[in-house]
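A.B. asks: Just dropping this structure here.
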């Protein structure tokens, strides 16, 4: 026997449905509304951090650049899904930074990438003690007015949280100046990961030790970076000893010129 709604309820149903849809839409909108971070605003949840660092403005000619006039960096995070569904946007001059090459680094980081401590810290390990270190990501970017790097990188230190002794970067999108810089350095050969992707490896001197630059052919919008295998490659080539310490890793963009946007749809780190 079918259930029957009283006539008064039936007549009220369209309004109730509309009201429910409005209420649900408002709830969903409230859940999905992003939190907008400004330059140098520190945000952390779990073992991840979001931070936009316009470090080119900290010294030299960059100190004359005015935020909101000459440049702007913005990160939009959604606390309920962080570090997924994070959006970066930036606006910088259309000319190269004379002293720094890039204008800064706007990034999501896992652990203590460059001194910041997340809500849930990770335990640093010496390179020789790492069993697994892999970063899995999916992202998308709008074509910019200008150029930029999409870069995942980490530092190795002399002791946990100590002085930097090396920098290792994986360029998922390499701007023309980054490719030229890597090509001008010492060439260490090709690192081929487990998926068969080949990364050209260059080495350049840097203020905190050698900078190892891994650059694949073309752009990589999704996949897994096997950082442990890359470290094994460097050890096999006599570039690192295994005594250096890993403290954290970052994933983000380096503005080179102009404006653009990047969406990190997903990001995870397997570290053991």
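A.B. asks: Express the Stokes-Einstein translational diffusion coefficient of the stretch 169-272 in µm² s⁻¹, to the nearest whole number, given a Kirkwood radius over alpha-carbon pairs, 10 °C and a viscosity of 1.306 mPa s.
C.D. replies: For these conditions, the coefficient is 105 µm²/s.
A.B. asks: Same structure, new question: Tilt of helix 7-32 relative to the longest C-alpha principal axis of the chain, in degrees (0 to 90, nearest 10)?
C.D. replies: The angle comes out near 10 degrees.
A.B. asks: Using only C-alpha atoms and all pairs of different ones, pull out the Kirkwood radius for the chain in Å with one decimal.
C.D. replies: Its Kirkwood hydrodynamic radius stands at 20.4 Å.
A.B. asks: Residue 140 to residue 208: extension gain in nm, 0.36 nm per residue of separation minus the Cα-Cα distance?
C.D. replies: Here the answer is 21.4 nm.
A.B. asks: Still on this structure, please answer the following. What does DSSP give for the chain in terms of the percent of beta bridges that are antiparallel, rounded to the nearest 5?
C.D. replies: 95 percent
A.B. asks: So what's the gap between the Cα centers of the stretch 101-127 and the stretch 198-272, to the nearest angstrom?
C.D. replies: What the calculation gives is 13 Å, centre to centre.
A.B. asks: Moving on. Using a 10 angstrom cutoff on alpha carbons, build the Gaussian network for the chain and name the most mobile of 251, 233, 155.
C.D. replies: The residue that fluctuates most here is 233.
A.B. asks: Now a separate question. On C-alpha positions alone, give me the angle between the axis of helix 227-236 and the longest principal axis of the chain, in degrees, nearest 10.
C.D. replies: Tilt of helix 227-236: around 10 degrees.
A.B. asks: How much mean residue ellipticity at 222 nm does the chain get from its helices, if each DSSP H run of length 4 or more adds -39500 (n - 2.57) and you divide by all residues, to the nearest 500 deg cm²/dmol?
C.D. replies: That comes out to -5500 deg cm²/dmol.
A.B. asks: Run the numbers on the stretch 35-271 and let me know its relative contact order in percent, using alpha-carbon pairs under 8 Å that are six or more apart.
C.D. replies: Over the stretch 35-271, the number comes to 30 percent.
Laboratory data are not the source of any read-out in this text; all were calculated from the coordinates shown. Quantities reported herein were computed from a predicted structural model and do not represent experimental measurements.
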